[in-house]
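Scroll down for the structure; my scribbles are underneath it.
The values are calculated or read from the model by the stated rules, or taken from the named source; none is laboratory data. Bear in mind that the values here come from a model prediction, so they are computed numbers and not experimental data. With ideal geometry, Cβ positions are generated from the backbone for all residues, glycine too; neighbour counts draw on all protein chains shown.
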Amino acid sequence: MEFVARRANRWQRTLDRIPVLGQVLEQPLGALGFVIVLAFFLLVLFGPLLAPYDYAKQDLSRLLEGPSKDHLLGTDHLGRDLLSRIMYGARIALITAVPAVMISVIGGVILGLLSGYLGGRVDDAVVVFLDSIQAFPGVILALAILALLGPSLVNEILVIGIAWIPAYARITRAQAMSAKNQMYVEAERSLGATNGRILTSHVLPNILAPLLILAAMDLPVVITFEAGLSFLGLGVRPPTPSWGVILSDGFKFVRNSPWPILWAGLALAITTLGFTVFAEALRDVLDPKLSGTRKA
Amino acid sequence: MLAYLFKRLLMTLLVLLLVMIFLGLLVNIVPGDPAKTLLGNRATPALIAKIRSDMDLDKPVLVQVGLFVWKMLHGSFGTDVFSGQPISRYIGAALPHTLILAWVALGLAVFVGIPLGVFSATHPNSWIDRFTAIFSISVITLPSYVVGLFLLLVFAVQLRIMPAMGLGKTGDVGDYVRHLALPAIALAVGWVGYLARLVRASVLETLNETYIRAAMASGIRKNLVQYKYALKGALIPTVAVLGVGLGSLMGGAVFVEIIFNRPGMGSLIYNAISTRNYPIVRAGVLIVAVMFVAANFLADIAYTFLDPRIQLKKTRG
């Protein structure tokens, strides 16, 4: 008995050590989101191993079939296995979304810190720059730049990263501005700390939590954005199976088979739903002040 | 107040100028010669020379950008090299359809989303409240192209009860509306969910404010307080969101116009991109950006007028 109790105790202690996750899992939506996010990451890691076929293997005798024993989700217009393509697509979604969000976070933090902390002319210049990026609807900006640079995965990541900079710059700027006037920063400065030290060791740590939550909430938005650009033929090139590419192929044959659109659409819908509810639960636990909804 | 308006206007104009400079510079990032890329296999020395002079590619970059801004300010978008038609004619033909699409979608979102949100807030835990919560969370991140493709699949391809493409017969209003329905719903769905959620949270918050409780305590009818006083306070944040909304709807319109093969700014820009018709791309993107910036500006102004609590002098230097 004592053993069991001690065992339970230890389990409890482990949970206490990662209290955030525990609290997220207590909420039904948080738990749902966690399961979906976990499944997504498992697919990213092991998808190519689990996939029944090579995503590019064509079988021209079995085009646009519905679900069957051989092809659980059916086949596309080149007889490629849809299940394998969808599974591999998770990897493409993450490979674009994570670097893109990282570019936005890093770029946004640098611009935000500079403009919020230095103020004056620098601040005005940065704000006008951010306003100009946001003067375009994201899709239109990305379309215009990708059309000129030519479609490729790297260009797509760059463009998405730049388009998302303003959101992070603004939140960082606001925090830097309020930190600037705090007593402890003044004290630090009177002790002779440089601007660089104040920014990196005092201002930055304070804004990490909201930034990470924002990044987690942006991940699904960026995934759908990437798929949208690929749908328009401006992102990942076929035959690489981005969910957007599968949708685009399916759209061409919409009158022949509903399956490619159905599965790729569902994959996108479930993934974004999972990430969103997980990130929202995370936000409610980490930073209740931030609750209230937003849309990119 | 006037000083703030003036500063805001000045910033807006500055942003528009930067946008034009950016678009003027953009052609220079094309790998290779834009004129040759544009013409493809139709390139002849005469045509290349014409495009180079039309787009001022033969001049230094700074002059190029200056001339581009100058021309755009005068509304002279030039002529299309392939058809010889003025580019403004293409824009004039496309713009109204996109505006109608975006406004109808916004209207749908407002007239469905806001009542849903208010009802959910005033009847917590009713079945409508629960339905709204589940509906909102599932559609908020759903991209308009997935909704559009699903609607196309179900109503136009499988059930065949709605038209799949185009604008309908010219002059037939009923047919136009029928062709507008699916694209507008595809654009609006995400916003219905988003607005319902936003308004619900905002009304709940307002109902806790002291002025509402004071009104309740003084015996004014509950319905009056809820639907008149609280709603008024709660809708102010929504106005700011709608300005942004119009812009993101115009972005979403690109997908919807392509999926439903509908003429408009989105499909104009997209088709121009596929044919590498840079002058049309630049003009189209500029028009969209101008409208987006204007919508944000107006929403911002409306916001400051609506909310007496915003005191500009204190919050903005």
From the list A:I86, A:I106, which residue is among the β-branched types (V, I, T) and at pLDDT 90 or above? A:I106
Among the helices (runs of 4 or more DSSP H) lying completely within segment B:134-250, list those that include at least 3 residues that are free of Cβ contacts under 8 Å to residues at least 24 places away in the same chain. B:173-207, B:210-217
Among the residues of segment A:226-266, write down those that are assigned to a helix (DSSP H, G or I) and facing chain B (nearest Cβ under 8 Å). A:A227, A:G228, A:F231, A:L247, A:G250, A:F251, A:I261, A:L262, A:G265
Would you mind stating whether A:L158 is part of a helix (DSSP H, G or I) and in contact (Cβ under 8 Å) with a residue 60 or more places away in the chain? no
Return the pair list, or none, for Cβ contacts closer than 9 Å from residues in segment A:132-151 that are facing chain B (nearest Cβ under 7 Å) and over 16 Å from B:G252 (Cβ atoms) to residues that are among the charged types (D, E, K, R) and buried (at least 21 other Cβ atoms within 10 Å of the Cβ), at least 6 apart or on different chains. A:A144/B:R282
Being part of a helix (DSSP H, G or I) and on the phi < 0 side of the Ramachandran plot: is that true of B:L47 here? yes
Would you check which residues across segment B:187-234 are within 30 Å of B:P263 (Cβ to Cβ) and buried (at least 24 other Cβ atoms within 10 Å of the Cβ) and list them? B:L187, B:A188, B:V189, B:G190, B:W191, B:V192, B:G193, B:L195
Check B:S138, B:S144, B:S120 and return the single one that is closer than 22 Å to A:F231 by Cβ and surrounded by 20 or more Cβ atoms within 10 Å (Cβ to Cβ). B:S144
Out of curiosity, is A:L73 crowded, with 16+ Cβ neighbours inside 10 Å and not charged (D, E, K, R)? yes
Restricting segment B:22-35 to residues that are exposed (fewer than 15 other Cβ atoms within 10 Å of the Cβ) and not small (G, A, S), the one farthest from B:V293 (Cα to Cα) turns out to be B:D33
Residue list for segment A:182-217, restricted to those being farther than 23 Å from A:S104 by Cα and crowded, with 16+ Cβ neighbours inside 10 Å: A:V185, A:E188
Looking at (1) within 13 Å of another protein chain (Cβ to nearest Cβ); (2) surrounded by 20 or more Cβ atoms within 10 Å (Cβ to Cβ); (3) over 29 Å from B:L13 (Cβ atoms); (4) of a type in the set (G, A, S), can you tell me which one A:A179 breaks? (1)
Taking the conditions exactly as written (more than 8 Å from chain A (Cβ to nearest Cβ) and either assigned to a helix (DSSP H, G or I) or in contact with an Asp or Glu (Cβ under 7 Å, 6 or more places away or on another chain) (or both)), does B:A253 satisfy them or not? yes
Scanning segment B:147-186 for residues that are facing chain A (nearest Cβ under 9 Å) and of a type outside the set (G, A, S), which turns out surrounded by the most Cβ atoms within 10 Å (Cβ to Cβ)? B:L149
Take A:I270 and decide whether it is part of a helix (DSSP H, G or I) and surrounded by fewer than 23 Cβ atoms within 10 Å (Cβ to Cβ). yes
Single condition A:V254 does not satisfy, out of (1) closer than 13 Å to B:L149 by Cβ; (2) at pLDDT 85 or above: (2)
Within segment B:261-276, considering residues that are assigned to a loop (DSSP other than H, G, I, E, B) and surrounded by fewer than 22 Cβ atoms within 10 Å (Cβ to Cβ), the one farthest from the other protein chains (Cβ to nearest Cβ): B:P263
